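So the structure is just underneath, and the comments pick up after that.
The values are calculated or read from the model by the stated rules, or taken from the named source; none is laboratory data. Small disclaimer: the values here were computed from a predicted structure and weren't measured. Quick reminder, even Gly has a Cβ in these numbers, built from the backbone with ideal geometry, and neighbours come from all protein chains shown.
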Amino acid sequence: MLRLLLPRLAQTAAVLLLSSMIVFVVIRLAPGDPAVVELGPQAEDPRYKAMIEAKHKELGLDKPIPVQYLIWLRRVLTGDFGVSARNKEPVLDLILEKLPATLQLVAGGMIFALFVAFILGVLAALYHRTIVDGLVRVVTLVGVAIPPFWLGLILLLVFAVSLKWLPASGYVPFWEDPREALRHLILPAISLGAYMMASFTRFLRAQMLEVNSQDYIRTAEAKGLSTISVVRRHALRNAVLPLVTVVGLEVGLQLGGTVIIEQIYGWPGIGWLALQAINNRDYPLIQGIVLMAAVFVALSTLTVDILYGFLDPRIRLAGEQQ
Amino acid sequence: MSDSHVLGHQPGHSPQLVGTAETDAASNPSIFRLAASDVNFVVGTVLILVFVVFAIFAPLLAPYDPLEVNAIAALQSPSAAHWLGTDEYGRDLLSRVIWGSRASLAVAIGAAVLSALVGVPLGLAAGYFGGGLDVVIMRVLDAVLAFPLLLLAIMIMASLGTSTLTLMCTIGFLYVPYFGRLVRGSVLGVKNEVFVQASIASGTPTRRLLSHVFLPNVAAPILVQLTLAMGISLLIEAGLSYLGLGLQPPTPAWGSMLRASQGYLYVAPWYVLAPGACIFLAVLGFNLLSDGLRDVLDPHMRQ
Amino acid sequence: MTSGTAALLSVKEIEVTISSQKRLMTVVSGVSFDVRHAETVGIVGESGCGKSMTALSIMGLLPKRVSRLTAGSILLNDQDLTAMSKRQLRRIRGNEIAMIFQDPLTSLNPTMKISTQIIEALKLHQGLTGEAARREAVSWLERVGVPSAGRRADEYPHQFSGGMRQRVMIAMALCCRPKLLLADEPTTALDVSVQDQILRLLKGLQTDLGMAMVLITHDLGVVAGTTDRVLVMYAGQVVESASTEDIFYQPGHPYTRALLAAIPRLDDQREWLYSIEGRPPEFHAVPAGCRFAPRCQYVIDDCRQAPPLEPLADGHQVACWRASELLESWGSSNAA
């Protein structure tokens, strides 16, 4: 198994390295002097020129760009993501503080998406070419086209403002009060998960259709199994496997969506933090968040690939035997 | 996924019909007839056309000047005078929405095209030359893909400023890897075909090879992806504008209109509907068009 | 056809229609045959002649929504399968009638252990569970010739070779002791050396279990040592039905003769292999009259009228106007 793993790990590392370069370059292109950012706007006063220069030296800003990158990289790898331009707190701490809220949101969205996708995807495949399939298609079409922020606003409008069934904003950690947490989680989770739900449904449907046309399904039916048994024991097992990879990919990418959703629902997570950072032109913070996001995406894709290799007996046994 | 045919038993269908010109035409319709009968294609095209017309003929279609401020008439609900109501500055929403098509469509289409212009050659190079070049290109594309789209976009926009050109380039940049991978995959798939090997063996110069042998085979998926890219670009632009990082006010843009409407959700709930609906319908249009193109081009090409 | 003994399976005038690309095509028409207990019947024909569809329709496994049994009835022990509910059919599948398919790799679930797949059938039809089910599954694997059955039962399909996989399929199909086995080209996807083994395995098991078998193939060679009777199908119809011996030594239909002539013989002096000119008709453009007429070297005017399946001799039916006439000349020039 390790033999399959090593090249994959190397690839992930290489990609992360390149990603870090992208982050570094883009941030450096931003206007403003990083030394001033660290020291504060007062430092622009010509009286503090020496301090500025000393800071420049410390940050390595007098050296060529590639060297700067390496210095920066070393800091990052030791966990030093710099300090927020706004309140001087370590970026890493700020991120970790807001992380649980975002994780809860993403988990909620994922659960919603998977739950609905399973039902719709399987139904659509079983009732292929009937009204049911058509309806599911409409749902997926809407799901992928509807802007998440619009959906969020509309859900807010209907459920929080008009009907007043659910709270309009706020976050309650799950471990504090599950019921309240859920009430606050529903709308944002649906807003975030809608696109994923549609995407997963389409994928699962396609997978089920393909699996259903496989010979082993015919064999299973020839044994006299009921449709439910065939679907449950044979079709789903094989159809879901590739879905694992897709889920892993999407999980990472949903982080982008959280920026908007958290804003709409006043959800104090990473996305909200990112927006604050943008508005304050807090470059170290922006940098830290984006970097963390890239790491997260890389890790989730890697995890999912490993998981897939584990679940599919063809791959798992090939790794062991050799 | 063209569900346009109905399965049913046709009474009187005689299995004794010998192959005729009728059956021949039925199996090789022209591409236009195929397109016209495909639901996705038709609906998608109609939707997009509506917005394109909006965009081009905005000055003629919009009842009011989208920038005209009229504080007294602020936040009015839809009425005969203002079909969609007015915004917080008293500007007519319908007019702003129509004018919004211009900016949004321009960015969406521009970004998608830019993306293709960069991504396709990269993919061709990676697929055709293979080896080290392939590895390097692919890793770089992977690196871009490793970022959640929106996060990377906001990082770039925050650093580089929010001009329309930057916007277009940023979104285009984000989408390059998708084209790159697509084209590379197609090239790899075609590279081993006999007719390609034959061309290479007969000494066809590389440039001609790329433009006359590979490109035509890759054209169909590119076209499909292009329309899809337009839809996604529109969505990203709307998102960015919503966050204040895209098209800047006072330029009417659907995303920034949504942003504004959020503050007045309790007071003027109708404000939210129009700009969001436009984004939704435009994206839907591009998606359907993309599906339609896929329906039309793929099976046809197989024949 | 039958000589007093009631048939186990009786297929009467079945017709299967499929819809493809907006066209409706009748791929099986007017097919009738009986299978007696413990009898082996071969169905022979080119690809696309409808033999697989016939088998699938017996099992009630025609691909839903694109194909249907549009006419005829299928009787198993005098019960009409076509009139049964889905639940009744499910009790029969795997239990009284079993089927094995051509490609054992794609016909087995790749993500499920072999033992699980066999136990599934045992659990369903015989109510076996746990240890008892596993023991039964392993004993069947041994019976079909899988070495180290106890260990290999926990492996996955991709870990078996083609021949072994087919043995597994056979074990899975026979573990509930069905009275009839439908074998759809069971050896086509296998190496020639393995083909023989599998056929002998099937015959052996058939005798042990007192089971009837329908063997579908395009290869007359497979049929030679295995079957009691043979049906020859062409373009969706049965053109000849006779004992195996009669098919080989007294073929009545020109198509059958052509098939026989196409078998290369070691003592053949010809330089070119014989092949039948032309191709079977497309199902959406089937000619009126005898379907083989366009390719037949014995065609006459009468052939514009479709010849019905008529008895030529005892237990021997042919659908050809000139059958008896041609048989005489064949007999004299082809003494095997």
query = A:Gln287 fails exactly one of the following numbered conditions: (1) at pLDDT 85 or above; (2) facing chain B (nearest Cβ under 9 Å). What is the number of that condition?
reply = (1)
task = Just one of (1) at pLDDT 90 or above; (2) surrounded by fewer than 22 Cβ atoms within 10 Å (Cβ to Cβ) trips up B:Gly244, so point out which.
result = (1)
task = Would you point out the residue of segment B:149-168, among those that are of a type in the set (Gly, Ala, Ser) and in a helix (DSSP H, G or I), that is farthest from the other protein chains (Cβ to nearest Cβ)?
result = B:Ala153
inquiry  = Against the condition aliphatic (A, V, I, L, M) and either farther than 28 Å from C:Ala319 by Cβ or not assigned by TED's automatic domain parsing to the domain that holds C:Met211 (or both), how does C:Ala98 come out, does it pass?
reply    = yes
message = Which of the helices (runs of 4 or more DSSP H) found entirely inside segment A:146-251 contain at least 3 residues meeting this: more than 12 Å from chain B (Cβ to nearest Cβ)?
response = A:178-212, A:215-222
ask   = Got at least one residue in segment C:287-303 being farther than 17 Å from C:Ser32 by Cβ and touching a strand residue (DSSP E or B) at 6+ places or on another chain (Cβ under 6 Å)?
value = yes
Where C:Ser32 falls short, out of the listed (1) over 30 Å from A:His234 (Cα atoms); (2) assigned to a loop (DSSP other than H, G, I, E, B); (3) not β-branched (Val, Ile, Thr) = (2)
task = Please verify whether segment C:84-102 includes one or more residues that are at the interface with another protein chain (Cβ under 7 Å from one of its Cβ atoms), hydroxyl-bearing (Ser, Thr, Tyr) and assigned to a loop (DSSP other than H, G, I, E, B).
result = no
task = Test each condition in (1) buried (at least 16 other Cβ atoms within 10 Å of the Cβ); (2) modelled with pLDDT under 85; (3) farther than 15 Å from B:Asp291 by Cα for B:Ala201 and report the one that comes out false.
result = (1)
Set B:Gly246, B:Gly239: member being small (Gly, Ala, Ser) and not in a helix (DSSP H, G or I) = B:Gly246
query = Among C:Arg304, C:Arg291, which is within 23 Å of C:Thr217 (Cα to Cα) and either among the acidic types (Asp, Glu) or within 14 Å of another protein chain (Cβ to nearest Cβ) (or both)?
reply = C:Arg291
ask   = Within segment B:117-137, can one find any residue that is within 11 Å of chain A (Cβ to nearest Cβ), free of Cβ contacts under 8 Å to residues at least 12 places away in the same chain, in a helix (DSSP H, G or I) and within 30 Å of A:Gln254 (Cα to Cα)?
value = yes
